[in-house]
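The values are calculated or read from the model by the stated rules, or taken from the named source; none is laboratory data. None of these values were measured; they are calculated from a predicted model. Glycine also receives a Cβ, built like all others from the backbone with ideal geometry; neighbour counts cover every protein chain displayed. These area figures cover heavy atoms from the full protein model, side chains too; ligands, DNA and RNA do not enter into them. Shrake-Rupley method; radii C 1.70, N 1.55, O 1.52, S 1.80 Å.
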Amino acid sequence: MLLAVFDSGSFTAAAGQLNVPVAKVTRAIQRLETSLQVSLFHRTTRRVEATADGQLFIEQVRPALQQLALAEEQLNLQQSAPSGLLRVDAASPFILHQLVPLMAKFRALYPKMTLELISSENFIDLIEKRTDVAIRIGALQDSNLHATLLGKSKLRLLASAGYLQKFGTPQRPEQLAQHQLLGFAEHSRLNHWPLLPPQIITPTLAASSGETLLQLCLQHHGIALLSDFMTAPQRQSGELIEVLPGQLQSPHPRENVQAVYYRHSALSGRISAFIRFLQQQLIFD
């Protein structure tokens, strides 16, 4: 409970994360403070923050608690297969094109586990949303997260054969200004196309989801920057054709596909099994 309160900054959030009453969390911290004869937290109406003594104590006990949790988990794994609920957050395209096709195989391997697949186009707070693991694509910003690389999904500029027949195929990056460009409405950083040199595009048609951009591209609305993990069938069939091949920076941080979870969490059997499964099964070509 101590680490849950510290990491979430709230007795209420810690209680929600642990699925226990708030009063139980409060009493537990009060008993610990009485035993240690120090105040571990400053309480305000908006947030709970560690005192200097609390910060020092937490820094000392965190590794021991993590090791204890890991040891318990390893003992449990020797006796039974991973079981229980695992909440997974990922962008809609990744869930639709990568996770959904693998669910039958995963459920056959781990019948005691229950998965919740949560579609989210934005980065979320894993504690706040009570999420165990998230799939994130691109550079990782949050230093509180562990990251396990699942693979690399190449970025490509793509357009439909019908669009290119009608409007022509650009041969140089500067010619993109003469074309219909598909980009993101809410994530302007994703409109920084890693060309040589890089370009910041102004979308002719914008959407909040990569899946929507894919569908717009297939319906001949323009050129989009899309990841291989969501376009393999269309590229193989010739529905989508690569534009300006070899003129994007690669490898690029936005090609990294990572599984992330909070640093304070011991790697549970459920998370470990899920990540190991994805490392073995995901194909991005």
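Here are the numbers:
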{"read-out": "Lys pairs, the chain - Cα-Cα below 28 angstrom, 8 or more residues apart or on other chains", "value": "7"}
{"read-out": "Heavy-atom accessible surface of the stretch 1-43: percent carbon and sulfur, 1.4 Å", "value": "52 percent"}
{"read-out": "Nearest-0.05 FRET efficiency for Val20 and Leu196, computed from C-beta distance (R0 51 Å)", "value": "0.40"}
{"read-out": "Whole-number D in µm² s⁻¹ for the stretch 176-245, Kirkwood Cα-pair radius fed into Stokes-Einstein, 37 °C, 0.692 mPa s", "value": "264 µm²/s"}
{"read-out": "Gain on full stretching of the segment that runs from Glu59 to Gln281 - 0.36 nm per residue minus C-alpha separation", "value": "76.2 nm"}
{"read-out": "Ratio Rg/Rh, restricted to the stretch 1-108 and using Cα atoms, in which Rh is the Kirkwood radius", "value": "1.10"}
